[in-house]
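Student: Mind looking over this structure? Questions follow.
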Amino acid sequence: MADYFTRSEYVGFAQGLSLQERTNVRKRAETRSPDRAIFLSHSSKDEDILPGVIRILELHGATVYIDKKDPGLPPYTNKETAASLRLRIRQARKFILLASENSKDSRWVPWELGIADGYKSFDNIAVLPVLEDTRQDSWTSWEYLGLYDRVAWKMFRGKEEEEWMVWDRRENTAHPLRTWLNR
């Protein structure tokens, strides 16, 4: 069984960084090109955990892109926004959906996942679940979320310590997160 982190654990991880480091982590992800980066789809209501999530991915070799302040996106949502996001998802090497209770209510997050599904193979899409409570993880397999591999904290057979991995729960196989990010 894989373990997923809770919101409070991601917030705690972010709080381990100084305010300046948290700002820099976000700014890098918001201002870089999506070309060959990891597109991190998320709900705007999950801003509190973004620095922690981005930092975990960066520590495993990822270059993370988030669209929050992309200067190439129109200031107001319109057809150009959709076209630009399609292009950015297509340019990105991988797509990770930060799946929380908030993202299921988002209008953009499911749409972005659908776009990624059309452009990327299953090997290049993963869901990173965020639990509100460790006992409430049943929503992580709702509908289409169950189709994709998961970013999880788990111990590989034969290893002595847990580590971040991308886990295919259907096949019960996994790759270290760093390996998945770089292939």
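Student: If Lys and Arg each add +1 and Asp and Glu each add -1, what is the summed charge of the other residues whose beta carbon sits under 13 Å from the beta carbon of Asn102?
Tutor: Counting the neighbours of Asn102, the net charge comes to -2.
Student: Okay, helix-only estimate at 222 nm for the chain: each DSSP H run of n ≥ 4 adds -39500 (n - 2.57), divide by all residues, round to 500 deg cm²/dmol; what do you get?
Tutor: -10500 deg cm²/dmol
Student: What does the extension gain come out to for Asn172 and Arg28, with contour length at 0.36 nm per residue minus their alpha carbon separation?
Tutor: Using 0.36 nm per residue and subtracting the Cα-Cα distance, I get 48.4 nm.
Student: Continuing with this model, one more query. Over all pairs of distinct alpha carbons, what does the Kirkwood formula give as the hydrodynamic radius of region 35-183, in Å?
Tutor: 15.8
Student: Leaving ligands, DNA and RNA out of it, report the carbon-plus-sulfur percent of the accessible area of region 78-183 at a 1.4 Å probe.
Tutor: It is 45 percent, rounded to a whole number.
Student: Using amide H atoms built in the peptide plane, which far-off residues or other-chain residues are under 5 Å from Thr6 H to H?
Tutor: Leu131
Student: Under a 5 Å amide H to amide H cut-off, with H placed in plane at 1.01 Å, what residues pair with Glu163 once short-range neighbours are removed?
Tutor: For Glu163, the qualifying residues are Lys154, Met155, Phe156.
Student: Bin width 5 Å, origin at 0, all Cα-Cα pairs of region 9-95: what percent of pairs per bin?
Tutor: Reading the bins upward from 0: 3, 15, 24, 26, 17, 9, 5, 1.
Student: Another question, if that's okay. Binning every alpha carbon pair distance of region 66-126 at 5 Å from zero, what are the percents per bin?
Tutor: Histogram of Cα-Cα distances, whole percents per bin: 4, 17, 28, 25, 19, 6, 0.
The values are calculated or read from the model by the stated rules, or taken from the named source; none is laboratory data. Just so we're clear, the structure is a prediction, and the values are computed from it rather than from any experiment. Note: ideal-geometry Cβ built from the backbone for every residue, glycine included; neighbour counts use all protein chains shown. The accessibility values were calculated without ligands, DNA or RNA, using every heavy atom of the protein model including side chains. Shrake-Rupley method; radii C 1.70, N 1.55, O 1.52, S 1.80 Å.
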